[in-house]
1. Among the numbered criteria (1) modelled with pLDDT under 70; (2) open to solvent by less than 50 Å² (accessible area, probe 1.4 Å), which single criterion is violated by Asp227?
2. Please verify whether segment 4-12 includes one or more residues that are open to solvent by less than 90 Å² (accessible area, probe 1.4 Å), over 21 Å from Phe144 (Cβ atoms) and at pLDDT 85 or above.
3. Please give the number of the condition Ser243 fails out of (1) part of a loop (DSSP other than H, G, I, E, B); (2) of a type outside the set (Val, Ile, Thr); (3) at pLDDT 85 or above; (4) loosely packed, with under 13 Cβ neighbours inside 10 Å.
4. Please go through segment 91-103 and pick out each residue that is of a type outside the set (D, E, K, R) and surrounded by fewer than 21 Cβ atoms within 10 Å (Cβ to Cβ).
5. How many of the residues in segment 24-55 are of a type in the set (Val, Ile, Thr) and more than 16 Å from the chain's Cα centre (by Cα)?
6. Looking only at residues in segment 139-174 that are open to solvent by 50 Å² or more (accessible area, probe 1.4 Å), among the hydrophobic types (A, V, I, L, M, F, W, C) and over 19 Å from the mean Cα position of the chain (by Cα), which one is farthest from Arg257 (Cα to Cα)?
7. Which ones in segment 126-138 are touching a residue at least 60 places away in the same chain (Cβ under 8 Å) and open to solvent by less than 50 Å² (accessible area, probe 1.4 Å)?
8. For segment 171-178, does any single residue satisfy the condition of being farther than 21 Å from Ser220 by Cβ, basic (Lys, Arg) and at pLDDT below 80?
Amino acid sequence: KNVKFGDQKYKMDRGFAWEYRLLEITDSIFYRRLADYRALEYESKMPLMILSPMVINAGRRMLISPQPISFLARNYNPYSSNPSYEIDGIEFMRFFEKQQAGNLPFSTALRMSATFPYITPLVSLPSEPRIDLIDAGARDNDGFSLGLRFMYEFDDWIEENTDGVVVVKLLANREQEVKIKENSEKTRLDGLTKPINGVVSSFNNLQGFRYSEDLKNAESWIDFDLDIYSLELLSKEEDISLSWHLTKKEKEQIYKRSKSPKIENQMQYIKGLLKTTEDDSTRVLAQGLY
């Protein structure tokens with residue numbers, strides 16, 4: 001079965017079916033072209049949103065935004081014998097300009113950035129060689145690394161024009177203290193698979209350690225106030241299934257937790273930090289870097 005979008009026809013697959021269902025249950029609120037957000041973001045009538053799924057072929061970010069953001073696709077290295085810009089990202093709008101990249105539905109961009117392996121089918125892009133994308137979390141689980149790069153590029157402007165930056169992390173659950181767990185090796189097969197299983201099970205911890213290192217290194221260039229707050233929806237004991245379909249009990253559990261006094265108090269405090277008056281300087285909210 002084929003589906004039609006604009007003047008083009010595509011084969012129906014699980015990814016399209018998932019996206020179609022998402023639009024159904026959200027009243028098509030995400031069914032807008034990327035280009036439709038360009039002026040609104042540029043005029044600060046809505047937050048800047050950058051999606052960054054990872055390119056399987058090369059490990060680079062695919063940076064999706066209606067704004068020109070090539071400055072986030074390179075990492076300057078001044079210490080090698082030949083200082084250069086190391087390209088570690090691809091600017092979607094520029095790379096696929098001839099394929100009318102601005103017409104990409106925002107719902108599809110969301111799906112591209114949330115392509116969890118085996119749960120959601122891979123997204124393939126019209127390039128030669130073909131580019132396949134997976135979940136943005138494969139490289140930057142909560143967008144913090146990309147957020148730091150954004151701040152680095154505009155650090156002088158932030159220092160001169162704002163009171164600082166507030167970073168709000170929304171986490172499903174994460175242990176505050178990383179503990180060393182008992183070795184569960186029981187068979188020869190366990191011994192063979194332990195190296196790979198260890199990397200997978202420690203994935204969140206590895207990224208957390210890297211973020212701590214990035215923040216430590218950022219002390220050398222951050223000359224503005226930086227506040228970081230993590231809102232944890234669930235504790236480790238309240239874990240829910242990794243599925244697009246949640247049970248009624250799981251939905252109630254999430255709703256109850258989101259209305260808990262702890263999260264409500266945190267939200268009120270964050271709102272207080274961002275509240276401004278005509279006489280106050282504004283604070284920058286670093287958001288939308290996924």
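The values are calculated or read from the model by the stated rules, or taken from the named source; none is laboratory data. Please read these numbers as outputs of a predicted model, since none were measured by experiment. Here the Cβ positions follow ideal geometry from the backbone for every residue, glycine too, while neighbour counts run over all protein chains shown. Heavy atoms of the whole protein, side chains included, go into the accessibility calculation; ligands, DNA and RNA do not. Shrake-Rupley method; radii C 1.70, N 1.55, O 1.52, S 1.80 Å.
1. (1)
2. There is no residue in segment 4-12 that is open to solvent by less than 90 Å² (accessible area, probe 1.4 Å), over 21 Å from Phe144 (Cβ atoms) and at pLDDT 85 or above.
3. Going through the list (1) part of a loop (DSSP other than H, G, I, E, B); (2) of a type outside the set (Val, Ile, Thr); (3) at pLDDT 85 or above; (4) loosely packed, with under 13 Cβ neighbours inside 10 Å, Ser243 breaks only (3).
4. Result: Met93, Phe95, Phe96, Gln99, Gln100, Ala101, Gly102, Asn103.
5. 3
6. So, considering only residues that are open to solvent by 50 Å² or more (accessible area, probe 1.4 Å), among the hydrophobic types (A, V, I, L, M, F, W, C) and over 19 Å from the mean Cα position of the chain (by Cα), the one farthest from Arg257 (Cα to Cα) is Trp157.
7. Matches in segment 126-138: Ile131, Asp132, Leu133, Ile134, Asp135, Ala136, Ala138.
8. Among the residues of segment 171-178, at least one is farther than 21 Å from Ser220 by Cβ, basic (Lys, Arg) and at pLDDT below 80, which makes the answer yes.
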